[in-house]
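Novice: There's a structure below that I have some questions on.
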Amino acid sequence: CFHASPELLGRRRDDESFGLKAPKKQKRVKRENRTQPPVEAPYIPPKPKKSAKSLPDKTIDIFEGMTIVELAKRTGIGISTLQDILVNVGEKVESEFDPISIDIAELVAMEVGVNVRRLHSNEGAVLHPRPAVVTVMGHVDHGKTSLLDALRQTSVADKEAGGITQHLGAFVVKMPSGASITFLDTPGHAAFSAMRARGAAVTDIVVLVVAADDGVMPQTLEAMSHAKRADVPIVVAINKCDKPAADPERVRVQLGSEGLMLEEMGGDIQVVEVSAMSKTGLDKLEECLLLQAEMMDLKARVDGTAQAYVVEARLDRGRGPLATAIVKAGTLVCGQHVVVGAEWGRIRAIRDMSGMMAEIAGPAMPIEIEGLRGLPMAGDDIVVVDSEERARMLSAGRKKKLEKDRLTKIDERRIETSETSEEMPERVEMPIIVKADVQGTVQAVTDALKSLNSPQVFVNIVHVGVGPLSQSDVDLAQACEAYIVGFNIRNPPSSVTMAANRANIKICLHRVIYHLLEDMGNLIVDKAPGTFETQVAGEAQVLNIFELKGRSKSKGEDVKIAGCRVTDGRFTKSSMLRLVRSGEVVFEGSCASLKQEKQDVEAVGKGNECGLVIEDCDDFRVGDIIQCLEQVNKKPKFVSSESGAVRIEC
């Protein structure tokens, strides 16, 4: 510093005042001389972090006429970014405070990777009374369809395969009092849980059917939980009261213990005793339903665009994709452009559930619409849009979002599989192609087959579809060595069957869910590699010990022979032997020799005497127990409960 010029000193003082300090002189540390080479640690790749943008968990509410500012607050994205997206979709917005349509708001939200929930307001609309939508739920074979047959004077239950309902049906029943009620009939089998959930989501009242001779069962409890989750009132119908073993009071006690506050116990849940076969108590059930609907004061707007909900979808050979839906509000008009889930189309025809053509459909009316370009999923909402261009744009955006979410789930599953692959043993993959008659049963069969996954066999659903089997299904099955499962579909053409036989592809066609799950469960058990376990195949007690001495070098050293009597099972020469003394294992080894009456034998049965030599073992004592061990391949078991739930036990 003493030899520095005044200018340099001034510049150094200015640098220190602005926080630019000169580096301090550090003390030098002498390094140790390492004679050993550095240890090479194994490389451990870092776990990939899940980005926040790839998580499709965030859901926002959108409505007609919301501004860009409101959309930016809900999505957490900047206004300028949303304006750029609006320009890309062809929407001109001059200010961030200008209202945008609900369709455009959904497109923008999907573009930034956010799920949406549409909110519809009835402000300023005239509300009119509408019929009640009633869903009939309960355990399998408790008489749900028979009760509906008694109400509408039909015989649908007699025509069903296996005597059980396997589809979700919608009907309008004209009651004796003149009022109309829309009924939804749900399946009771354990595999159709998603159908019951859809029925509870769209309904106003749930009729819980319980058999008087059977009581509360697993699917009864599940139906109660669906109704509570949907926050809809319950009316209990105790069916089969005409049977000798009927005990309605026991059913009441069971329902009360499960948390249902019945009227007899001071609650508000009505209970009706009915019989579908003798048609008794139906007038009381009608009275309860109409009273409950009157208390709820059910109303809906008739004017304006319609809101509808798809309860089932199927593929017709002549008419193409068909969607069974229930209109929630508004009026659905033939010729309108609609977006159903990720599919779009122009309504070509509207039919009621009796097959009659209709031009319009009002609230609480079950209908079947045709004219869609693709098959929607059961549970999708029907959105009416202004033009074909808007319908195409919204459908493309939803498909893009669905594909993005699907790839994200695959990546997450791959990460979880890589983390647990070291702990879990290797599993045999069983690829399956599922074809069914309607979209709802496709989902039910797929979920039921996935429940048959086990630590030994991985059920991989490679493709699902609605409609009959085709040559493309056989080609796909041949490419991935898959089984083909068909449910409630007609027999494939002879050309398809011959192609499957040539490629050694197994096709399983069934009309009843019980038989399908039992057949596939047995196939999974046969395909499972099993686990090898050591079991005791026989036991013998040492009665005497013989010793061979003075043998030549060519014959080997002295040998001790155990004279035994087989007390249980059988002994084989190729098995491993275990020497047990006072309950403790002394030695294990292979059988070097097994003789009976000086003759070499391969096996000795129970009650016979023999002489045996254990290799490298000469520590025999009279009274020892010798066990014959064998490796047994233990296969998993297919287990089916009374409620229809299935699983594979390993």
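The values are calculated or read from the model by the stated rules, or taken from the named source; none is laboratory data. No experiment lies behind these values; they were computed from the predicted model shown. Here the Cβ is made from the backbone with ideal geometry for all residues, glycine too, and neighbour counts use every protein chain on show. Just so you know, the surface numbers come from the protein's heavy atoms only, side chains and all, with ligands and any DNA or RNA stripped out. Shrake-Rupley method; radii C 1.70, N 1.55, O 1.52, S 1.80 Å.
Novice: Using Cα-Cα distances under 8 Å and only pairs 6 or more residues apart, what relative contact order does the stretch 59-119 have, in percent?
Specialist: Numbers: 78 pairs, mean separation 32.5, N = 61.
Result for the stretch 59-119 is 53 percent.
Novice: Which entries of Lys399/Lys450; Lys409/Lys450; Lys573/Lys598; Lys450/Lys635 have Cα-Cα distances beyond 23 Å here?
Specialist: Cα-Cα > 23 Å for Lys399/Lys450; rest within.
Novice: How much space per residue, in cubic angstrom, does the convex hull of the C-alpha atoms of the stretch 302-399 take up?
Specialist: Here the figure is 83 Å³ per residue.
Novice: Moving to a separate point now. Provide the net charge surrounding Ala300, with neighbours chosen by a C-beta distance below 12 Å and charges set as Lys +1, Arg +1, Asp -1, Glu -1.
Specialist: +1
Novice: Kindly rank 596-607, 518-529 from highest to lowest mean number of other beta carbons found within 10 Å of each residue.
Specialist: Ranked from most to least packed, the peptides come out as 518-529, 596-607.
Novice: Let me ask something else. What are the ³J(HN,Hα) couplings of the stretch 230-247, residue after residue, when phi is run through the Karplus curve with 6.51, -1.76, 1.60 and θ = phi - 60°? Round to Hz, x for glycine and proline.
Specialist: For the stretch 230-247, the Karplus curve yields 7, 6, 10, x, 10, 10, 8, 10, 8, 8, 6, 6, 8, 7, x, 8, 5, 9 Hz.
Novice: Right, here's the next one. Whole-Hz ³J(HN,Hα) for each residue in the stretch 307-316, computed from phi via Karplus 6.51 cos²θ - 1.76 cosθ + 1.60 with θ = phi - 60°, x for glycine and proline: what do you get?
Specialist: So the Karplus estimates, Gly and Pro as x, are 10, 9, 9, 7, 9, 7, 9, 8, 10, 9 Hz.
Novice: Another question, then. Hey, what did the stretch 302-399 get for relative contact order, percent, Cα under 8 Å, at least 6 apart? Working shown, then result.
Specialist: Details: 261 pairs, mean separation 34.5, N = 98.
The value is 35 percent.
Novice: I've got another one for you. Express in % the proportion of alpha carbon pairs of the stretch 495-650 at distances exceeding 25 Å.
Specialist: Within the stretch 495-650, distances greater than 25 Å cover 52 percent of Cα pairs.
Novice: To continue, here is another question. Which percent of the accessible heavy-atom area of the stretch 59-119 goes to carbon and sulfur, probe 1.4 angstrom?
Specialist: 49
Novice: Taking all protein chains together and a probe of 1.4 Å, list Tyr309, Tyr483 from the most accessible to the least accessible.
Specialist: Highest to lowest solvent-accessible surface, that is Tyr483, Tyr309.
Novice: Another one. Work out from phi, with θ = phi - 60° and the Karplus expression 6.51 cos²θ - 1.76 cosθ + 1.60, the ³J(HN,Hα) of each residue of the stretch 282-298, listed in order in whole Hz, and give x for Gly and Pro.
Specialist: 5, 5, 5, 5, 4, 4, 5, 5, 5, 5, 5, 5, 5, 5, 7, 6, 6
Novice: Let me cross-check Phe97: its accessible surface, 1.4 Å probe, with only protein heavy atoms counted, in Å² to the nearest 10?
Specialist: That residue has around 130 Å² of solvent-accessible surface.
Novice: Mind listing the long-range amide H neighbours of Ala308? Cut-off is under 5 Å, sequence gap 5 or more, other chains count too, H placed in the peptide plane at 1.01 Å from N.
Specialist: For Ala308, the qualifying residues are Lys328, Ile382.
Novice: Roughly how many Å² of Phe546 are accessible to a 1.4 Å probe, to the nearest 10?
Specialist: Per-residue accessible area (Phe546): approximately 110 Å².
Novice: While we're looking at this one, here's another question. Considering amide H positions built from the backbone, and no H for Pro or chain starts, which residues 5 or more places from Glu429, or on another chain, come under 5 Å of its amide H?
Specialist: HN-HN under 5 Å from Glu429: Phe458.
Novice: In addition: Compute, for Val172, the solvent-accessible surface of its heavy atoms (probe 1.4 Å) with the complete set of protein chains present, and express it in square angstrom to the nearest 10.
Specialist: Rounded to the nearest 10, the figure is 90 Å².
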